[in-house]
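Scroll down for the structure; my scribbles are underneath it.
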Amino acid sequence: MKNSITKISLFILIGLIIFGCNTTKRVPEGKSLLTKNNIFVDGKKNNVEDVFNQLYQKQNSSILGYRLRLNIYNLAKQKTDSIYRAKFAKNPKKYNRKAKWLSKKQVKRLGESFWYAGIHNFLRKTGEAPVILDTISTKKSLRRLKSYFFTRGYFDATTNYKIDSIGPKKVKLRYDIVKGNPYIIDSINSNILSLPLDSIYQLRKRNSFIKSGKRLEYSNFDSEKARITEDFRNNGAFRFQQNYVSYVVDTLTQKHLANVDLIIEKESIRVEDSLYSVPFELYKISKVNIYTDHSPSNQNLPIKDSTVYKDFTLYSVNKLKYRPKAITDGIFVTKGNYFSDSKTTLTSKYLSNLKVFNYPLIQYIEDKKQKNGLIANIYLTPRKKYTFGYSNDFIHSNIQDFGISGNTFLSIRNVFNGAETFEIGARGSIGASKDFANPNNNFFNISEIGADAKLNFPRLFLPFKTDKIIPKTMIPYTTISVGYSKQTNIGLDKQNFTSSLVYNWTPKKNTTFRFDLINIQFVKNINPGNYFNVYKSSFNALNALADIYNLNSSYINPLTGKLDIDSGTNAFLNDVLGTNPVVFPTTADLKTIRSIDEQKTRLTEDNLIVASTIAFSKTSQKDLTDNTFYAIKAKVESAGNLMSLIAGASKQTQDGSKTAFGVAFSQYIKTEFEYIKHWDLRRKKVLAAKAFCGVAIPYGNSKSVPFSRSYFAGGTNDIRAWQSYSLGPGKTVSVNDFNEANLKLLFSTEFRFNIFKQLNSALFIDAGNIWNVSDIAVNPDAVFSGLKSLENIAVGSGFGFRYDFSFFVIRLDLGFKTYNPANMENEKWFKEMRFNKSVINIGINYPF
């Protein structure tokens, strides 16, 4: 039945598309549909987006050549109100019957309903009206194209167009541009009438966008104006504005050579009705005033407290609540230095980053007591000292039939009067589940509680000075955090303790460093005997194998007829894998049983991880609208070395591992590298690519990497043709619920394009896998053994839709297993490219 409905829906959809495929259906007689714009520059086809955007008329949009929006528009009936009235004009009796049954007013409103009018209005709005050729617009396009190349130095460019008929009511346009020889900059002369500005210009003119021998482009003149203005205003030219910069270009002296004169006028000052010109002068900061509790709504409150710290004067309406150094460390506008826009911006950024003030207001006034002096007034509006919040949610999952969760948090600002912030939060949930024992018949029989605390310092919290290595211009800050959570009747009933000391700083714009000096995680499983109740896939696979090999009847639970959990499962595993095995499965079955036991050991062991991490990230993205950029992330993590020194003479486990607090601590080295690149293909098309490589190598006290530090494949932001944790390792057909390993490779490419308005789509290919390397895994199908293992890289492909809400994107992707390394040799490629084998992924924002 389900297949029949799907087929019927597909036939209806195809029929509607075919019906609307007459692209000239709405083209009036005597008019022509513009199907194509071809631009040829010097005889070669040009697809540059900037050139194409000069056209006043562009053909209807298409998706891979199909004009979807035009055909949607053609499906709509025109003038639905007239059609509705005509229906009754031809059949008055029908109108009378409807008017008696409803009323004249309701019959009229029926014509405005969704079925008669609304659906067609929707189709017209969603679709795109046919673009009718207009020669007036074509001639305007020619003029814009000529102007475009003129501004790029091609003053002798010529343009022409040709209309070609390609069928009934269909034409295409060809634009021909012959650029001619460009004009080249020959000489550059500067005429700067203010000596201080001329000195600054001469020192930095090597950075100019206008250079001899380069083609004359007007965009470079605009860039150079901005550079000069920024340079002057960062070196004391407080009163300078960009409109004082002008250029004179002389192209008459030599053919295709241009002489450029840079002119920077004197400052214009108006006194009453007279206008004077005076040379620009450079201004220095003579005084810095900081108003620590400024109120925008009541600016006339009297100052009651003030103090002078170094060259700063701090004022307060009430008693000063901040240690002066905590504020002045973030102020780069200092007495005796030249006025600078960049230092003003950096000061605003630093003070905002303290999270104890709203965005600061910085104003400059001329100092009447000092020639060319400026008084900097910095107004800080404190945020509320205490902020309390809470949230709650209802839960339904494969563990909980019904649950309620809640979170509360309290933020305290300026805790120690040094602009520190302290955050503490509590979280908890209660739920009902029929899968757990409930002797007291309580409705809520599972729960989780947790608490977290975090303290932020607006500096590097170290016993020695770091200003020479990491100056305050890098906006450093320190975070100390601690957290605890406990589960009851959930999974293995974990207790989780975390703590960290983290340093962050920003050496350059869009570049960040993070250094976790110490990051502690302690995980204790209270109920490891519940493992096979939680991981059902592993249990079912083990139970199926146990049925084959003549089980001891004492291993069976008489109520279920399956292996008893936990005594029966442990006994069977011991019979196969123990020191003196009594059951000898086939090689393939032995691999499966050993894999189940390895996974059980890893997921039920307690973990103590004491690690240090250095992470780096950089992006060239200028803003959210920049679609041509790269991003790099790299991380190195080392765990267990400190504990190895501390626990040198500590008690050891049976396998020789050293322990701390009764738990064998983890020891490993982990490295990750990620590279993302976006190319803007224009016309709302973007090509995005991602490459990721990560490996974690256990050594010393560990034979494997903790589960929380391992890798998995599949899922919404990974290889989308597989569900999370369902791919790998290697070419294994895993029977476990959570497949993970300690080596991962991932490569993704995605072509994104717009359908209409906020609805976008994408075609993607994901490739990658996970493997075991240098750990306890022995299955050769799961172990990375060199370049030959790369043949087990899985490939998934598919398509998706994204709806852009501006502040976030809703994403739906459909992934198909294109190459599945787990299949038989002749079944790997394209054997699962079917909708019933696809994986649906729903996510927020783009995958990378």
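Observations on the structure shown:
- Sorted by Cβ neighbour density within 10 Å, fewest at the top, the residues 322, 247: 247, 322
- Mean Cα-pair separation over length for the chain, i.e. relative contact order, pairs under 8 Å, 6 or more apart, %: 5 percent
- Two-site FRET efficiency, residue 518 against residue 675, from Cβ-Cβ distance with R₀ of 22 Å, rounded to 0.05: 0.15
- The listed peptides 622-629, 156-163, 724-731, ordered by packing as a protection proxy, come out as 724-731, 156-163, 622-629 (highest mean of other Cβ atoms within 10 Å first).
- Bridges between two residues of the range 184-278, per DSSP, are antiparallel at a rate of about 60%.
- Fully extending the segment from residue 189 to residue 824, taken as 0.36 nm per residue of separation minus the present Cα-Cα distance, adds 221.2 nm.
- Sequentially through the range 57-62, phi angles give Karplus couplings (6.51, -1.76, 1.60; θ = phi - 60°) of 10, 10, 5, 4, 5, 9 Hz, Gly and Pro residues having no value and appearing as x.
- Size descriptors for the range 710-848 (Cα atoms only): Rg and Dmax, in that order, 15.8, 53 Å.
- Under 17 Å from the residue 462 label point (7 Å along Cα→beta-carbon), backbone N, the range 517-539: 517-519
- Estimated FRET transfer efficiency when R0 is 41 angstrom, pair residue 834-residue 549 (beta carbons, to 0.05): 0.70
- For residue 190, residues with placed amide H under 5 Å, excluding near neighbours: 262
- Estimated vicinal HN-Hα couplings, Hz - the range 687-700 in sequence order (Karplus 6.51, -1.76, 1.60; Gly, Pro = x): 9, 10, 9, 9, 10, 9, 9, x, 8, 10, 10, x, 7, x
- Our helix-only sum for the chain, with -39,500 (n - 2.57) per DSSP H run of n ≥ 4 divided by its residues, gives a mean residue ellipticity at 222 nm of -6000 deg cm²/dmol.
- Estimated distance in nm for a label pair at residue 574 and residue 699, the labels positioned 7 Å out from Cα along Cα-to-Cβ: 3.7 nm
- With an a/c value of 1.5 or above and a/b larger than b/c for the gyration tensor axes a ≥ b ≥ c computed over the alpha-carbon atoms, the range 184-278 is described as prolate.
- Rounded FRET efficiency, nearest 0.05, which uses the C-beta distance separating residue 250 from residue 449 and R0 of 60 Å: 0.15
- Under 5 Å from the amide H of residue 257 lie the amide H atoms of 184, each residue being 5 or more positions distant or on a separate chain, with H modelled from the backbone and absent for Pro and chain starts.
- DSSP-defined antiparallel bridges as percent of all bridges, the chain, nearest 5: 90 percent
- With both labels modelled 7 Å from their Cα along Cα-to-Cβ, the residue 77 to residue 391 distance reads 4.8 nm.
- Expressed as a fraction of 2.2 N^0.38 Å, the C-alpha radius of gyration for the chain is 1.26.
Just so you know, all these numbers are worked out from the coordinates, no wet-lab data involved. All figures in this text were calculated on a predicted structure; none of them were measured in a lab. Backbone-built Cβ (ideal geometry, glycine too); neighbour counts: all protein chains shown.
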